[in-house]
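Before any comments, here is the structure.
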Amino acid sequence: MKNVLKITGGIPLKGSIKTQGAKNAALPVIAACLILRGGTLTLDNIPDLYDISAMYDLLRALGVEILKENNSRAIFKVPEELRWEAPEPIVRKMRASSLVLGPLLANCGRISLPLPGGCSIGSRPIDLHLKGLKQMGAEIEIRNGVVHASVKGRLRGRRIYLDFPSVGATENLMVAAALASGETIIENIAREPEIDNLAETLRNLGVPVELEGTGGVRIKGIDRAKSGYSRVIPDRIEAGTYILAGVMTRGEMTVTDLIPSHIDSMLAKLEEAGAKFKVTKDSVTVYPVKRLKPISVKTMPFPGFPTDAQPQMSAALSIANGVSMVEESVFQSRFLYAQELNRMGADIKISRDLAVIKGVKKLQGATVKATDLRAGAALIIAGLAAEGETRVDDMVHVWRGYEAIDQKLRSLGAKVELLDSL
Ligand code: UD1
């Protein structure tokens, strides 16, 4: 596997690229097919990513047949009876494996799922997922790192209040509620656009789902889901990453096939920092400006500034004209990229959940390591803007979330090359 991206920096990006389907929408939507008993989910605009292949491996292990119609469309053929034991080696490949918990428990009445474990951005517990499922009548035990959950009869619809608007817990509980008896109301849910995509998919599978403006969702459980169709929304984080790459390299480039309202917070912050761009109904074009102004950014659940774009935004601010403050309020340790950016000449100091970024005139190319997916993205866009050559090692993280990033960058005029090793 090609694990290193060699970048010759300093070339302004030019041209136009399409946004991929959203990783974080595709994963829960694909897992939601597990509420079917003998039926199909046909899905369009699926991105070609490692995390998606890992989800396919998991579904196949549970008995789902996956027919790939072309690069971005697949049909998930679900048997009358699914297997309910998720194999450890597959689950450990991807944290989002926990998304099968809700649908599989609701459908089979039991599940055993090895705990997906933490990752470099924080501890990533699933206590809120488990608490909600218990409230719906599940009995849950964790033995030797494996979650064993079962329910007598069906899960029971009820009112659930989430202590924090966790994206994953919202998704798991919504899908579990689809096959519960009676109505489930979940309050204080995550309102990321990926949740709307999941709600629409559930509706297409025959489940009455109503999202309420105030941060709640109402789901009427059904006996049996029907075959249906859905389409994955555009990836707002991928789009934001390329927009930031355009801004950082002082390029003139367009990102198409996106939904501007999904990246409002990013655009608002870029505007505040003095970036120049034009927004149409489905694209953003950035225009060159000399240097960004320093700003303050705080990550928050949607519609706040996304934690998944925080490292890339910090990379852009590392060459702004002054001192910026970036506060991370969603994950505990999402600043691992800072020491790598500092190797490139950035001046970032971290104290707990705050990054103080003193803008420098220019970054210099260096050999750096992607510690996680978005850290990798931040280092790549920094490398594109830096003087000289940058090598980003551990691209394995980046392939989890960015489809053909080398080809897309090349089509924008960047000089990048994939290498086997350093
Ligand atoms: C999803 C996204 C991820 C994004 C995150 C926040 C997917 C596949 N991943 O992750 O890219 O960064 O949303 O936008 O969609 N928490 C608990 N207990 C729980 C669940 C979460 O304490 O049971 C905490 C987490 O530790 C974290 C915070 O809540 O600090 C946010 O997590 P959550 O919204 O659940 O993120 P994910 O669904 O894991």
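Every number here is computed from the coordinates shown, using simple stated rules; none is lab data. Nothing here was measured: the structure is a model prediction, and the numbers come from that model. Note that each Cβ is placed from the backbone with ideal geometry, even for glycine, and that neighbours are counted across all protein chains shown.
Residue selection: GLN310 satisfies the criterion of being within 30 Å of GLU194 (Cα to Cα) and touching a residue at least 24 places away in the same chain (Cβ under 8 Å).
Just checking, which of GLY240, GLY221, GLY246 is surrounded by 24 or more Cβ atoms within 10 Å (Cβ to Cβ) and touching a Leu at 6+ places or on another chain (Cβ under 7 Å)? It would help to see each step written out before you state the result.
Working: GLY240 fails: touching a Leu at 6+ places or on another chain (Cβ under 7 Å); GLY221 fails: surrounded by 24 or more Cβ atoms within 10 Å (Cβ to Cβ).
Step by step, each of GLY240, GLY221, GLY246 is checked, and only GLY246 is surrounded by 24 or more Cβ atoms within 10 Å (Cβ to Cβ) and touching a Leu at 6+ places or on another chain (Cβ under 7 Å).
Look at ASP48 and say whether it is charged (D, E, K, R) and not in a loop (DSSP other than H, G, I, E, B). Before the answer, list the steps.
Working: charged (D, E, K, R): yes; not in a loop (DSSP other than H, G, I, E, B): no.
Taking the combined requirement at face value, the residue does not satisfy it.
Being away from the ligand (no atom under 16 Å from the Cβ) and either among the hydrophobic types (A, V, I, L, M, F, W, C) or over 23 Å from GLY383 (Cα atoms) (or both) is a description that applies to ALA275. Within the stretch 268-321, considering only strands (runs of 3 or more DSSP E) that don't extend past its boundaries, which have at least 2 residues that are closer than 22 Å to ASP257 by Cα? It comes to 276-279, 284-287. Taking the stretch 99-198 as the region of interest, none of the helices (runs of 4 or more DSSP H) fully inside it holds 2 or more residues being without any contact (Cβ under 8 Å) to a residue 12 or more places away in the chain, more than 16 Å from the ligand (Cβ to nearest atom) and in contact with a Leu (Cβ under 7 Å, 6 or more places away or on another chain).
When the stretch 60-90 is filtered for residues that are assigned to a helix (DSSP H, G or I) and either among the hydroxyl-bearing types (Ser, Thr, Tyr) or under 23 Å from GLU403 (Cβ atoms) (or both), the ones remaining, listed by number, are ARG60, ILE90. Of the listed requirements (1) under 23 Å from VAL416 (Cβ atoms); (2) hydroxyl-bearing (Ser, Thr, Tyr); (3) surrounded by fewer than 24 Cβ atoms within 10 Å (Cβ to Cβ), SER333 misses just one: (1). Here is the figure for the stretch 66-86: residues that are surrounded by 15 or more Cβ atoms within 10 Å (Cβ to Cβ) and either more than 21 Å from the chain's Cα centre (by Cα) or closer than 20 Å to ILE35 by Cβ (or both) total 10. Is there a residue being within 20 Å of ASN204 (Cβ to Cβ), assigned to a strand (DSSP E or B) and either in contact (Cβ under 8 Å) with a residue 12 or more places away in the chain or of a type in the set (D, E, K, R) (or both) anywhere in the stretch 32-39? The answer is yes; a qualifying residue exists.
Summed over the stretch 331-350, residues that are under 16 Å from GLN310 (Cβ atoms) and in a helix (DSSP H, G or I) total 5.
For every residue, the table says whether it meets (1) in contact with a strand residue (DSSP E or B) (Cβ under 8 Å, 6 or more places away or on another chain); (2) of a type in the set (Lys, Arg).
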| site | (1), (2) |
| --- | --- |
| LEU105 | yes, no |
| ARG124 | no, yes |
| LEU133 | yes, no |
| ILE160 | yes, no |
| ALA169 | no, no |
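Taking the criterion of being in contact with a helix residue (DSSP H, G or I) (Cβ under 9 Å, 6 or more places away or on another chain) and among the polar types (S, T, N, Q), the residues of the stretch 149-187 that qualify are SER150, SER166, THR170, ASN172, THR184. Screening LEU155, LEU179, LEU198 for residues that are under 23 Å from the mean Cα position of the chain (by Cα) and not small (Gly, Ala, Ser) leaves exactly one candidate, LEU198.
Matching residues to (1) of a type outside the set (A, V, I, L, M); (2) surrounded by fewer than 17 Cβ atoms within 10 Å (Cβ to Cβ):
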| position | (1), (2) |
| --- | --- |
| ALA106 | no, no |
| ASN144 | yes, yes |
| GLY157 | yes, no |
| LEU162 | no, no |
| VAL167 | no, no |
| GLU171 | yes, no |
| VAL175 | no, no |
| GLY182 | yes, yes |
| LEU198 | no, no |
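Taking the condition out of contact with any helix residue (DSSP H, G or I) (no Cβ under 8 Å at 6 or more places or on another chain), closer than 28 Å to GLY413 by Cα and touching a residue at least 60 places away in the same chain (Cβ under 8 Å), does THR254 pass? When the stated conditions are applied, THR254 passes them. Within the stretch 253-278, the set of residues being surrounded by fewer than 15 Cβ atoms within 10 Å (Cβ to Cβ) and more than 18 Å from the chain's Cα centre (by Cα) comprises ALA268, GLU271, GLU272, LYS276, LYS278. With respect to (1) touching a residue at least 40 places away in the same chain (Cβ under 8 Å); (2) under 22 Å from the mean Cα position of the chain (by Cα); (3) surrounded by fewer than 17 Cβ atoms within 10 Å (Cβ to Cβ), the lone exception for ASP282 is condition (1).
Give the stretch 206-227 a look and list any residue that's out of contact with any Ser or Thr (no Cβ under 7 Å at 6 or more places or on another chain) and among the small types (Gly, Ala, Ser), or say none.
In the first step, residues of the stretch 206-227 are kept if they are out of contact with any Ser or Thr (no Cβ under 7 Å at 6 or more places or on another chain); the result is 206-218, 220, 222-226.
The answer is GLY206, GLY213, GLY215, GLY216, ALA225.
Of all residues in the stretch 222-246, those satisfying the criterion of being more than 15 Å from the ligand (Cβ to nearest atom) and either in contact with a helix residue (DSSP H, G or I) (Cβ under 6 Å, 6 or more places away or on another chain) or of a type in the set (Ser, Thr, Tyr) (or both) are ALA225, SER227, GLY228, TYR229, SER230, TYR242, LEU244, ALA245.
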